[in-house]
Structure formats: structure tokens, C-alpha cells
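The next block holds one structure in the form of C-alpha cells; read it before the comments.
What follows draws every value from the coordinates through simple rules; no lab data is involved. As the structure is a computational prediction, the values presented were derived from the model and not from experiment. Neighbour counts are summed over all protein chains in view; Cβ atoms, including those assigned to glycine, are modelled from backbone coordinates with ideal geometry.
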Amino acid sequence: MTWLRLHLLAVFHAFRVRRDLGRESRLTPASVSVTGTCPVSRRVVDLALLASRRAVARLCPVDSCLTRSLVLCRLLAPYSGVELHYGFRRREGTLEGHAWVTVDGAAVGEPDGALEGYAETDVPPSRAAFG
Amino acid sequence: MLMDAEVDRLGTLLRSDRFSRAKLTDRTGVMVDAAGMKMLSLNETGMFLVEELVSGRSPEGLVDRLVKEFRVNRADARRDLEKFLDELDRFLSTS
């Protein structure tokens, strides 16, 4: 049941991201704030990761780290310890940006070394003011 | 002419949670507007000035810091600072 629920929610959130992209040609993750209080199991995190990636790949016109992270973060929002991050690094003169999700400080779905050299923004997007 | 009130206003805006910053290993930086999802890439001097503005430095204090840190003369420092503050103001105001 968890599997089905997460997939349906992922589809819903992917449609929201798609709608945001279409309306404003930019993403405004104002509703990404995470307020959950109950801990999340490793199994639910893995299922949410898979569901979010599938939903974004199938439904969003832009399949990027940001769209995937927004959907994943919204899926995990009912749980505690979930945080969306933005980071930047410069490689051979080129500025690179990345978005990712952590649960209790551990990055979700990021290969080893993928976050190397990224400097995070001082205010995480899930705590930023959107007014 | 650098005005205290203008510099104060920019510092207050920068201290709000709407604008977040990342300082990169090469001391350059990126500023992100959470609401507009806009970003501004900052060179080393720009990142330095943003940090000084956040700390509440006065216009003359900013010029002093530029002169000391980057070993430029006062007139050049003041001119570059005015230009940077104009650009920063445009970013913060249109976000």
C-alpha cells in the first residue's frame, strides 16, 4: 500500500511542478517547507526516491536535480529530518548548481562523491522566506 | 555618492531569509532569491562586499575594507563600490 500511495503522490507532485514550470517559466518551491515530526524508515525513503524519479521522468518537461528533489522533498514532507538543499561549485571556470534532499543529514540517492565541492546556501530552501 | 541609508537598506535585505548565499572554495559566491528562483553569481570582490554588507558595515567602512583587502586606491574603491551597489540593488529590487 505504501508503494501505491507514494506513486500516486509522486504523480500528483510531479504535476504540480509541471504546472509551476508552465505558469511562470520558473520554479517557486514555496510549498516545499517540511514540517513533519515522525521519523521515516529507510524503506519509505527508497520507495519515495524511486517514485519521484519515475514520476518526474514521465510527467515533467524538465527532468533535473531540482524537479526531482522538489517532488521527493514534498513526498517526504510528512516526516522529520527532511531537508532540501541547494549547492554550487565552480569547475574549470564553470558554475555548477545542484539540488538534493537529505534525511537526518544523509543525502538521498546521491552517488558517492557527487556532492564533493558543493557549497550550500546559508539558508536551506525549505527554511527560506518566500514573501 | 554613497548614502548610509541605502547601504543599510541593502544590508537589511541581505540579512532576510529570502536571500541565501553560498561561498565557494575560490571565495567567489552565489546569491539565490528563494521567492523568484533567481540567482546572482558574485566574483571574489562581490562576495566579500556582500559579507561586509550583511555585517552592517557603513559606506566608508566598506571603502576602508576594500582598500585594505584588495590594495586599491580609495577613489577606485569608491567607484567600484558604487557600481557594485547599483547592480546589487537592481537584483534585490527586481526579485
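How far apart, in nm, are two points set 7 Å out from the Cα along the Cα-to-Cβ line at B:Ser55 and at A:Val62?
3.6 nm
As a test of understanding, state the convex hull volume per residue of chain B from its alpha carbons, in Å³.
Looking at chain B, the number lands at 86 Å³ per residue.
In a Gaussian network model over chain B where Cα atoms closer than 10 Å are linked, find which of B:Leu81, B:Leu42, B:Leu24 has the largest mean-square fluctuation.
Maximum fluctuation in the GNM of chain B, among the listed residues, is at B:Leu24.
Please arrange B:Leu66, A:Leu8, B:Leu40 by counting, for each residue, the other beta carbons lying within 10 Å of its beta carbon, fewest first.
Least to most surrounded, the residues fall as A:Leu8, B:Leu40, B:Leu66.
Can you list which of the trypsin sites (Lys or Arg not before Pro) found in region B:58-95 are DSSP loop residues with at most 15 other C-beta atoms within 10 Å?
Those that pass, being in a loop and sparsely packed, are B:Arg71.
Determine ³J(HN,Hα), in whole Hz, for all residues of region A:40-46 in sequence, where each value follows from phi through the Karplus function 6.51 cos²θ - 1.76 cosθ + 1.60 and θ = phi - 60°; x replaces Gly and Pro.
Couplings: 10, 7, 4, 5, 5, 4, 5 Hz.
Using alpha-carbon pairs under 8 Å, 6+ residues apart, how would you state the relative contact order of chain B in percent?
26 percent.
Under the rule of at least 5 residues apart or a separate chain, name every residue whose amide H is placed under 5 Å from the amide H of A:Val82.
Hits under the 5 Å cutoff: A:Asp104.
Quick one: if you stick a label point 7 Å off each Cα along the C-beta vector at A:Arg91 and A:Phe12, how many nm between them?
Distance between label points: 3.6 nm.
Out of residues 5 or more away from A:Asp122 or on other chains, whose amide H comes under 5 Å of its own, with H placed 1.01 Å from N in the peptide plane?
Long-range HN contacts for A:Asp122: B:Arg21, B:Ala22.
Computed FRET efficiency, Cβ-Cβ of B:Glu6 and B:Asn73, R0 22 Å: what is it to the nearest 0.05?
Plugging the Cβ-Cβ distance into 1/(1 + (r/R0)^6) gives 0.45.
Given the C-alpha centroids of region A:75-103 and region B:21-88, what is the distance between them in whole angstrom?
Each part's Cα centre sits 25 Å from the other's.
Rounded to whole Hz and in sequence order, give me ³J(HN,Hα) for region A:48-65 from the Karplus expression 6.51 cos²θ - 1.76 cosθ + 1.60, θ = phi - 60°, writing x for Gly and Pro.
Result, rounded to whole Hz: 5, 4, 5, 4, 5, 5, 5, 5, 5, 4, 8, 10, 9, x, 10, 9, 10, 4.
Do any GluC sites (Glu not before Pro) in region A:50-131 lie in a loop, going by DSSP, with at most 10 other beta-carbon atoms within 10 Å of their beta carbon, and if so which?
Loop-located and lightly packed - A:Glu92, A:Glu116.
For B:Thr28, list long-range residues whose amide hydrogen, built 1.01 Å from N in the peptide plane, is under 5 Å from its own amide hydrogen.
Amide H neighbours of B:Thr28, under 5 Å, 5+ apart: none.
Between A:Ser41, A:Ser80, A:Ser64, which gets the highest mean-square fluctuation from a Gaussian network model of chain A, Cα cutoff 10 Å?
For chain A, modelled as a Gaussian network with Cα springs under 10 Å, the answer is A:Ser41.
Loop only per DSSP, at most 15 neighbouring Cβ atoms within 10 Å: give me the trypsin sites (Lys or Arg not before Pro) in region B:1-60, ordered by residue number.
B:Arg27
Which of the aspartates and glutamates could a cross-linker span from B:Lys68 if the Cα-Cα distance has to be under 20 Å and same-chain partners fewer than 8 positions apart are dropped?
Excluding near neighbours in sequence, the set is B:Asp26, B:Glu44, B:Glu51, B:Glu52, B:Glu60, B:Asp76, B:Asp80, B:Glu82.
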